[in-house]
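The values are calculated or read from the model by the stated rules, or taken from the named source; none is laboratory data. It should be emphasised that the depicted structure is a prediction, and the values quoted were computed from it without experimental measurement. We place every Cβ from the backbone using ideal geometry, glycine too, and count neighbours over all the protein chains shown. Please note that ligands, DNA and RNA were not included when accessible areas were found on the heavy atoms of the full protein model with its side chains. Shrake-Rupley method; radii C 1.70, N 1.55, O 1.52, S 1.80 Å.
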Amino acid sequence: MAVLSCSFTLSPRVLNPYSSFECRPDPDFSTAPIGDKPRLASSRRVTASLSSLIFCFPPNFVRQLSIKARRNSSNIGVAQIVAASWSNGPAPDSPFLAAAASAQAAAAAVNATATNDGAAVEGCIDNGSVQIGGSDNSTTTFLSSDGSITVHAGERLGRGIVTDAITTPVVNTATYFFKNTQELIDFKEKRRQSFKYGRYGNPTTVVAEEKISALEGAESTLIMASGMCASIVMLMTLVPAGGHMVSTTDCYRKTRMFIENFLPKMGISVTVIDPADVDGLEAALNKNKVSLFFSESPTNPFLRCVDIERVSKLCHSKGALVCIDGTFATPLNQKALALGADLVLHSATKFIGGHNDVLAGCISGPEKLITEIRTLHHILGGTLNPNAAYLIIRGMKTLHLRVQQQNSTALRMAQVLEAHPRVRRVYYPGLPSHPEHEIAKQQMTGFGGVVSFEVDGDLMTTIKFVDALKIPYIATSFGGCESMVDQPAIMSYWDLSQAERRKYGIEDNLVRFSFGVEDFEDLKADVLQALETI
């Protein structure tokens, strides 16, 4: 379309030292085919009286800009649309008339294309006011690596937002509208796909969910405001009031607190077993009507591993579901669903987001189970902000690169630490000394970026070591680009006495080290110099 710039002659009544005001011509897009690179129009100057013309636009300029803004899911053209709306059209003798006629014909073609082909664009359904598309993981079957999937799944291979932008737009809206009541009824009766309210879905969030589904090999994924939110909603959905579940001794403390302190209020009882105690699991299944087995693998902070395939077969034989929290493993190092688990859960705050700048949690699995969890999620809330969803999408594009580096650094550092005289014990599934090393080798392709170890000393000696480190931050998280270190006895269990901490295996000299993407030699030198201080 052409937005022709003008030369205005000021009225003699206007006191101005300049006789005219000249604007440079804007690009002429009126005759360029869609998708072609626009070429600048030749310079044209038009003199008009301010009393008869301020700005002139083709008659359908507003409509063309509106179409472009909608198709690009962008607010960029809003100011132009508003400005165009102020114009009442060109003066009768205006030279814009010819351009306007040409632009009107071009706009008609654009409208026809948008109307007839909108539903075919990138496999999406064009409902006029909103553009969405269903998940189709079959589009990623030609990609042979998880690294390629993390870059393209949910976007280039089936993004529901119609746009030619490489990056997924952030759709900041709390609610969505219907053009008329019939559209609403069609939506309610499932004849029309759309969004309704921000708590129930968002186009940006859908992209993040589809990317994770493709990586996990899942039918569906639900992403929420945090990993704990995902855990709690999953537990409340799948374990009925008065029911029974099985969990493991080593786990994130807040998860344990919910299981121990809040589930009993709903009449739910829990059997807690060692992660490797398959006999204990079988006894619990025989004694109780177990609805769910839920465990991290590897666990926090001792990185114990559950034999997912064996546990899944045993639980399924008794009618129990299996959910694995794979946060420490990442979807790259371990495919819990492929090993037999019904659901896999992640704190996406950690490795998936990977930049320590966003909180999120996700749960993936069969459409039927995820739909049940999603229903309760819609009631409880805990919705992920679309800006946070964008950060998850962006973070996942480098997930394979980060995890490769973190896997390598952690394994090499675990070996260095295990051989050091000032380290008593190292907990890392990649080491032959780890109790579930053989299981980890069978079900993991990498052992993760976190290493836990006990230094040779007491609480104060361990504090001295931690404070002597120069690279890692003393912080309570893991999986980001920056290395982080903490003493669980202080960071997570300081409100308990030393005796109470020991009940959970938390000694005062325990250190959890999350290795980032810094150079291995730099990290090695830093850890060794800190150990020398004790």
> So between ALA174 and LEU401, what do we pick up on full extension, going 0.36 nm a residue minus the alpha carbon distance?
Replying inline: 78.3 nm
> Mind checking the log10 I(q)/I(0) for the range 239-278 at q = 0.17, 0.21, 0.28 Å⁻¹? Debye, one equal scatterer per Cα, no solvent, two decimals.
Replying inline: -0.43, -0.63, -0.96
> Where does each of LYS318, LYS470 land when they are ordered by accessible area, with a 1.4 Å probe and the largest first?
Replying inline: LYS470, LYS318
> Roughly speaking, what % of Cα-Cα pairs in the range 399-532 are separated by over 21 Å, rounded to a whole number?
Replying inline: 39
> For MET266 and ASP495 in the same chain, what is the full-extension length gain: residue separation times 0.36 nm, less their Cα-Cα distance, in nm?
Replying inline: 79.8 nm
> When the Cα centres of the range 354-408 and the range 270-313 are compared, how far apart do they sit, in Å?
Replying inline: 25
>> 5 Å is the cut-off here: which amide hydrogens, built 1.01 Å from N in the peptide plane, fall below it relative to LEU321, excluding neighbours closer than 5 in sequence?
In response: LEU292, PHE293
> Per residue, how many Å² of accessible area does the range 300-356 show with a 1.4 Å probe?
Replying inline: 27
> What Kirkwood hydrodynamic radius do you get for the range 146-397 when you take the inverse of the mean 1/r over all pairs of distinct Cα atoms, in Å?
Replying inline: 18.8
> Residue by residue through the range 483-491, which ³J(HN,Hα) values in whole Hz follow from phi under the Karplus form 6.51 cos²θ - 1.76 cosθ + 1.60 (θ = phi - 60°), with glycine and proline marked x?
Replying inline: 5, 9, 9, 7, 9, x, 4, 9, 5
> Across the range 279-288, in residue order, what do the Karplus-derived ³J(HN,Hα) couplings come to in whole Hz, using 6.51 cos²θ - 1.76 cosθ + 1.60 with θ = phi - 60° and x for Gly and Pro?
Replying inline: 5, x, 5, 4, 5, 5, 5, 6, 8, 10
> What whole-number value in Å² describes the accessible area per residue of the range 198-253 for a 1.4 Å probe?
Replying inline: 25
> Mind listing the phi-derived Karplus ³J(HN,Hα) values for the range 464-470, rounded to whole Hz, using 6.51, -1.76 and 1.60 with θ = phi - 60°, and x for any glycine or proline?
Replying inline: 4, 5, 4, 5, 7, 5, 10
> Can you give the relative contact order of the range 146-397 as a percent, counting alpha carbon pairs under 8 Å and 6+ residues apart?
Replying inline: 25
> So if we plug the beta-carbon distance of ASP277 and TYR197 into 1/(1 + (r/R0)^6) with R0 = 51 Å, what FRET efficiency do we get, rounded to 0.05?
Replying inline: 0.70
> What percentage of the solvent-accessible surface of the range 146-397, computed with a 1.4 Å probe over protein heavy atoms, is contributed by carbon and sulfur atoms?
Replying inline: 56
> Roughly what would the spin-label model give for PHE520 and GLU438, points 7 Å off Cα along C-beta, in nm?
Replying inline: 2.8
> Taking amide H positions as placed 1.01 Å from N in the peptide plane, with prolines and chain starts having none, which residues 5 or more places from THR445, or on another chain, fall under 5 Å of its amide H?
Replying inline: GLN334
> Which residues' amide hydrogens lie under 5 Å from the amide hydrogen of ALA348, considering only partners 5 or more residues apart or on another chain, with H built in the peptide plane?
Replying inline: GLY227, ALA360, GLY361, CYS362
> Given a Förster distance of 51 angstrom, what is the FRET efficiency for SER477 paired with ASN286, based on the Cβ-Cβ distance and rounded to 0.05?
Replying inline: 0.85
> Once the piece of chain linking THR445 and LEU143 is laid out straight, how much longer is it, given 0.36 nm per residue of separation minus the C-alpha distance between them?
Replying inline: 106.9 nm
